[in-house]
Amino acid sequence: MRIAYVIAGTFDKESGVAKKIYNQVREWEKQGNKVKLFCFTKRKVTNLFHSLDIEIIKFSNYVSFVLNPFLYRKVLKFQPDIVYFRQYPFTFSFYFLFKKLPTVIEYNSDDVEETKLTFNFPVRVFHLLTRELINRSAIGFVTVTYELEKKLKKYNKPIITIANGIGSNTLKIERKINYNNKINVLFLGSPNQPWHGVDKIYYLASKLPDVDFHLVGIMDKVALNNVHTYGYLSLEQYAKIVEVCNVGIGTLALHRKKMNEASPLKVREYLHFGLPVIIGYEDTDFIGKEEDFILKIPNNEENIKDNINLVSDFIRKSKHITVDRRKIAHIYFSEKEKKRLKFLSSLL
């Protein structure tokens, strides 16, 4: 197939999302497809993308981006068999593009609930009014959770759920566990995303002064001696932190955007690195599975406070918990992308 992978937004850093997009494109190419990445943005893009066949379509501001109906012409020129679109709010360019070419939309989150946390009221109303135009123009959907799949069933279009994955070529890190040293906890995240539950991590740190917490991607000033924030780091940069860590913390406040299921990339990285994990939601790749290297606590506002002893015990035992590689084989891209490509092909 000739696949136009269309994304929009900010991709200037080698984030989890950027790595996911990069790995998807590489896997599709490995399996014999011609793929071109079309990135609508007003910023520079990560060097990771420059190793791909990419067309960067610049816009000056969000209003001009929404109203300009001609930005999609470069996608048409590529003459793709199908467009794979990472869900983004309405623009006239996207609307006309989907009317002209068969388009599948990938949903990574509940956009309706998320906009309540991230958009002001006028923008939120605009999004709620226009998302129907985009969704009804698509020929199918890919979601990362079964929970999202249920919400899109009303459109009566083909749909498939494939949880987020990581590349099997992700950097291998030899952890240097010193059983006599402090326990170290890792969190990978982004600023201004309240569903991460970073405030809960600070509370946890205040109750465990003998444990060190390392927050990558967060740049807060914290009045706790055992909390270390680093801001954005590339994988190669935070590898040194991973080496000394014993356990990873996943999303703890998914309830804030009224979701209960997710498949965060950071949790897949933790497992790949051999770190046991603490999560506050249902993980799509581990539904119905009880693994001793995953501590799942309830998805509510008080989940850390109400389970502080359980979480503390898991953290203190983490040095002696081993991630069974056989039980995480399904988190990698190779099989997930075969499934995705088969779905895309079935729609043509």
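The values are calculated or read from the model by the stated rules, or taken from the named source; none is laboratory data. Every value quoted in this text rests on a predicted model; they were computed, and no experiment measured them. Cβ coordinates were reconstructed from backbone atoms using ideal geometry, including for glycine residues, and neighbour counts include every protein chain displayed. Protein only, heavy atoms only, side chains kept; ligands, DNA and RNA dropped before computing areas. Shrake-Rupley method; radii C 1.70, N 1.55, O 1.52, S 1.80 Å.
What to note about this one:
- Per-residue surface analysis assigns ARG43 an accessible area of about 120 Å², computed on protein heavy atoms at 1.4 Å probe radius.
- Three-way shape call for region 225-338 based on the alpha-carbon gyration tensor, with the a/c threshold at 1.5: rounded
- Where chymotrypsin sites (Phe, Trp or Tyr not before Pro) fall in DSSP loop in region 165-255, at most 14 other Cβ within 10 Å: TYR179
- If the chain linking LYS258 and LYS176 were pulled fully straight, counting 0.36 nm for each residue of separation and taking away their Cα-Cα distance, it would gain 25.7 nm.
- Each principal axis of the Cα cloud of the chain was taken in turn, and the coordinate range along them, longest first, works out to 62, 44, 37 Å.
- Taking the protein heavy atoms of the chain in the context of the full set of protein chains, the accessible area attributed to carbon and sulfur is 52 percent at 1.4 Å.
- Using just its DSSP H runs of length 4 or more, each adding -39500 (n - 2.57), the chain gives a mean residue ellipticity at 222 nm of -10500 deg cm²/dmol after division by all residues.
- Flagged links, alpha-carbon separation over 21 Å, of LYS207/LYS317; LYS157/LYS339; LYS100/LYS338; LYS30/LYS77; LYS19/LYS154; LYS200/LYS327: LYS100/LYS338; LYS30/LYS77; LYS19/LYS154; LYS200/LYS327
- Classified by the C-alpha gyration tensor, region 155-219 has an oblate form. Its axis ratio a/c, with a ≥ b ≥ c, is 1.5 or above, and a/b does not exceed b/c.
- Efficiency of FRET between TYR232 and LYS342 - r from beta-carbon atoms, R0 35 angstrom, step 0.05: 0.50
- One Cα centroid belongs to region 106-166, the other to region 171-209; the line between them spans 30 Å.
- Listed residues THR229, THR322, THR130 arranged by accessible area, highest first, probe 1.4 Å: THR322, THR229, THR130
- THR229 long-range amide H proximity, modeled H, under 5 Å: LEU215
- The heavy atoms of ASP313 offer some 80 square angstrom of accessible surface to a 1.4 angstrom probe.
- Surface listing: ARG131, ARG124 arranged by accessible area from highest to lowest gives ARG124, ARG131, probe 1.4 Å.
- Region 86-145 shape via C-alpha gyration tensor axes, a/c threshold 1.5: oblate
- Less than 5 angstrom separates the built amide H of PHE59 from those of THR41, LYS42, all sequence-distant by 5 or more or on a different chain.
- Percentage, to the nearest whole number, of Cα pairs in region 46-118 over 19 Å apart: 46 percent
- Packing, as the average of other Cβ atoms within 10 Å across residues, places the peptides 74-83, 252-261 in the order 252-261, 74-83, highest first.
- Between region 11-27 and region 43-81, the alpha-carbon center distance in angstrom: 16 Å
- Once you divide the Cα radius of gyration of region 1-150 by 2.2 N^0.38 Å, the number left is 1.01.
- Accessible-area value, LYS153, 1.4 Å probe, nucleic acids and ligands omitted, Å²: 110 Å²
- Percent of alpha-carbon pairs separated by more than 26 Å within region 134-269: 37 percent
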